[in-house]
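Contents: one structure, followed by commentary.
The values are calculated or read from the model by the stated rules, or taken from the named source; none is laboratory data. Predicted, not measured: the structure shown is a model, and the values here were computed from it. Ideal geometry is used to build each Cβ from the backbone, glycine not excepted, and the neighbour counts take in all protein chains shown. With ligands, DNA and RNA removed, areas are computed over all heavy atoms of the protein, side chains included. Shrake-Rupley method; radii C 1.70, N 1.55, O 1.52, S 1.80 Å.
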Amino acid sequence: MTFGTPASPGIRHTMRIPQQSAHAMTPSLPARRPLHIAPWSIAVGTSGLFAFLHVAAILAAGPGKTSLHNPVGLAVLAVVMPLMTGATEAARMQPLFLAYVLAKLLVVLAMTAAVAGACRPQSRHRVRLLALQLPCVTMLDALPFHLLLAVQLAMLLPWCRGLVWLAAQYFLGVAMDVYLVLELAQRMAQAPQWPLLAYLSAERLVLAAGFLFGRLVLREHRMRHALASAHGQLLATQSLLTETVRGAERLRIARDLHDTLGHHLTALNLHLDLAARQAGSAAPVALQTARDVGVDLLAQVRGVVSHTRHDQTIDLAEALRLLCRGVPGLRLDLRIDGAAARLPVPSAHALFRAIQEAVTNTLRHARASRLTVDLTARDGMTLVRIADDGIGMGTAVEGNGLRGMRERLADLGGAVRCERDGRGAVLELCVPGSQP
């Protein structure tokens with residue numbers, strides 16, 4: 001229906017790489033993308049197949065052998081028969097048949113179009129299109145179309161609301177069966193066939209099985225999506241944690257260098273300086289050279305320690321790639337500017353959590369098929385722009401996720417800006433700390 005596959009073939013990652021890095025990369029052949037079939041197209045194909053078989057059966061029977069004792073047939077008789085009052089029965093047969101086929105075609109086409117519109121991910125008139133299918137399946141009076149609608153109600157509507165719609169579908173069909181049985185009894189001048197009505201009413205209970213099947217498919221679909229998303233988030237968090245641990249280990253090594261090697265070099269320089277003073281003018285040249293080398297080596301150690309202390313940044317790019325790779329059912333474009341890839345630890349963690357929250361909200365609420373994440377650096381600030389092609393934010397109230405995102409970035413001197421429009425949602429994040 002409106003859901004993508006839980007695997008990740010539909011995700012595309014693009015990353016801007018600095019020119020000097022691009023030349024160093026080894027060219028590789030592009031991987032073949034597996035065939036991806038949108039679930040909504042399966043629903044449309046199923047409706048089209050039912051429509052084809054339904055109309056083909058009528059055409060195969062031909063004029064005179066096709067029963068018109070159904071809602072569409074009775075409607076055709078009510079409209080066409082008054083226009084052919086003087087014609088013989090043989091003369092009426094072909095026009096009635098053509099009108100009946102045309103009416104059936106119109107109803108099945110309307111049904112297929114409503115299925116296509118209701119099952120698309122960005123459908124903004126889903127309830128209206130489902131409501132349009134109710135009279136269509138009632139007029140067609142064919143069990144396959146009723147089952148197709150029952151499955152849609154299970155997968156496209158909340159549980160309780162779907163049950164209400166299913167009950168309306170069932171009782172509307174039963175009412176039509178009652179009308180057909182009474183109309184047949186009146187036309188044949190005989191008693192109504194109540195056993196037939198009971199059989200038809202019991203047969204319609206299969207709609208409950210279709211509804212339950214749809215709910216089970218939806219539940220399994222959501223569980224697979226949740227598992228794939230959790231796996232991607234776990235890998236991304238593990239990558240970010242690895243970078244953090246690596247930075248902490250570099251800082252520990254720098255401290256050890258300062259506390260051990262720096263201490264011994266300082267002591268060595270003091271002894272060399274003392275030896276040079278005691279020797280006076282008779283000090284050999286090698287002693288002065290050793291003293292100069294010791295001073296230079298101590299300066300280099302201090303420079304390395306100082307650089308390591310100030311360069312406490314982590315690479316956010318790999319964590320974002322892993323996060324996006326685990327997003328199911330969404331075409332995701334990730335563009336990372338090389339200057340914005342390395343960030344201080346607090347900024348990197350804050351941006352990662354904000355992007356993670358934005359991706360999760362898109363999956364849950366946006367009904368989007370594509371998401372774009374742009375990470376750039378400008379004037380000492382790291383900017384992130386997240387845009388989707390879903391239903392937009394509309395008048396939705398800011399929730400805890402967005403509020404927490406705003407508070408987390410505000411603590412670092414950053415900001416969050418949202419654009420609410422009907423063509424999708426745009427979220428812009430900025431935080432200080434991009435590396436030159």
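Descriptive notes on the structure:
- Residues that are of a type in the set (A, V, I, L, M) and more than 33 Å from the chain's Cα centre (by Cα), drawn from region 236-273: Ala248, Leu251, Ile253, Ala254, Leu257, Leu261, Leu265, Ala267, Leu268, Leu270, Leu272
- Given (1) open to solvent by 50 Å² or more (accessible area, probe 1.4 Å); (2) over 33 Å from the mean Cα position of the chain (by Cα); (3) small (Gly, Ala, Ser), number of the condition Ala113 does not satisfy: (2)
- Residue list for region 321-371, restricted to those being charged (D, E, K, R) and farther than 28 Å from Ile391 by Cβ: Asp337, Arg342
- Lone unmet requirement of (1) within 23 Å of Cys119 (Cα to Cα); (2) among the hydrophobic types (A, V, I, L, M, F, W, C); (3) touching a Pro at 6+ places or on another chain (Cβ under 9 Å); (4) touching a residue at least 60 places away in the same chain (Cβ under 8 Å) for Leu143: (3)
- Members of region 56-75 found to be outside any helix (DSSP H, G or I) and of a type in the set (Val, Ile, Thr), listed by number: Thr66
- Flag for Val359 being free of Cβ contacts under 8 Å to residues at least 40 places away in the same chain, open to solvent by less than 50 Å² (accessible area, probe 1.4 Å) and closer than 21 Å to Glu428 by Cα: yes
- Qualifying residue in region 280-288 (condition: crowded, with 19+ Cβ neighbours inside 10 Å, in contact with a Lys or Arg (Cβ under 9 Å, 6 or more places away or on another chain) and of a type in the set (A, V, I, L, M, F, W, C)): no
- Residue, farthest from Thr376 (Cα to Cα), within region 297-324, restricted to residues that are out of contact with any helix residue (DSSP H, G or I) (no Cβ under 6 Å at 6 or more places or on another chain) and modelled with pLDDT of 80 or more: Cys324
- Whichever residue in region 151-169 is within 12 Å of Val127 (Cα to Cα) and in contact (Cβ under 8 Å) with a residue 60 or more places away in the chain and, among such residues, is surrounded by the fewest Cβ atoms within 10 Å (Cβ to Cβ): Leu156
- Flag for Leu130 being surrounded by 22 or more Cβ atoms within 10 Å (Cβ to Cβ), under 25 Å from Ile391 (Cα atoms), without any contact (Cβ under 8 Å) to a residue 40 or more places away in the chain and in contact with a Leu (Cβ under 8 Å, 6 or more places away or on another chain): yes
- Leu351 being touching a residue at least 12 places away in the same chain (Cβ under 8 Å), crowded, with 23+ Cβ neighbours inside 10 Å and under 14 Å from the mean Cα position of the chain (by Cα): no
- Where Leu182 falls short, out of the listed (1) of a type outside the set (Gly, Ala, Ser); (2) touching a residue at least 60 places away in the same chain (Cβ under 8 Å); (3) open to solvent by 40 Å² or more (accessible area, probe 1.4 Å): (2)
- Of all residues in region 321-344 being assigned to a helix (DSSP H, G or I) and touching a strand residue (DSSP E or B) at 6+ places or on another chain (Cβ under 6 Å), the one that is nearest to Val245 (Cα to Cα): Ala340
- Filtering region 228-235 for residues that are within 20 Å of the chain's Cα centre (by Cα) and farther than 30 Å from Cys119 by Cα leaves a non-empty set.
- From Leu143, Leu148, Leu172, residue being open to solvent by less than 40 Å² (accessible area, probe 1.4 Å) and within 27 Å of Leu105 (Cβ to Cβ): Leu148
- Just one of the listed residues (Ala254, Ala228) is part of a helix (DSSP H, G or I), touching a Ser or Thr at 6+ places or on another chain (Cβ under 9 Å), surrounded by 15 or more Cβ atoms within 10 Å (Cβ to Cβ) and at pLDDT below 75, namely Ala254.
- Gly413 satisfies every condition listed in (1) in a loop (DSSP other than H, G, I, E, B); (2) at pLDDT 85 or above; (3) touching a helix residue (DSSP H, G or I) at 6+ places or on another chain (Cβ under 7 Å) except (3).
Conditions (1) over 13 Å from Lys104 (Cβ atoms); (2) open to solvent by less than 30 Å² (accessible area, probe 1.4 Å); (3) touching a Pro at 6+ places or on another chain (Cβ under 8 Å), marked per residue:
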{"site": "Ala43", "(1), (2), (3)": "yes, yes, no"}
{"site": "Ser47", "(1), (2), (3)": "yes, yes, no"}
{"site": "Phe50", "(1), (2), (3)": "no, no, yes"}
{"site": "Ala57", "(1), (2), (3)": "no, no, no"}
{"site": "Gly64", "(1), (2), (3)": "yes, no, no"}
{"site": "His69", "(1), (2), (3)": "yes, no, no"}
{"site": "Gly73", "(1), (2), (3)": "no, yes, no"}
{"site": "Pro82", "(1), (2), (3)": "yes, no, no"}
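- Any hit, region 198-219, residues being touching an Asp or Glu at 6+ places or on another chain (Cβ under 6 Å), open to solvent by less than 50 Å² (accessible area, probe 1.4 Å) and not β-branched (Val, Ile, Thr): yes
- Criterion (without any contact (Cβ under 8 Å) to a residue 12 or more places away in the chain and in a helix (DSSP H, G or I)) met by exactly one of Thr266, Thr244, Thr289: Thr289
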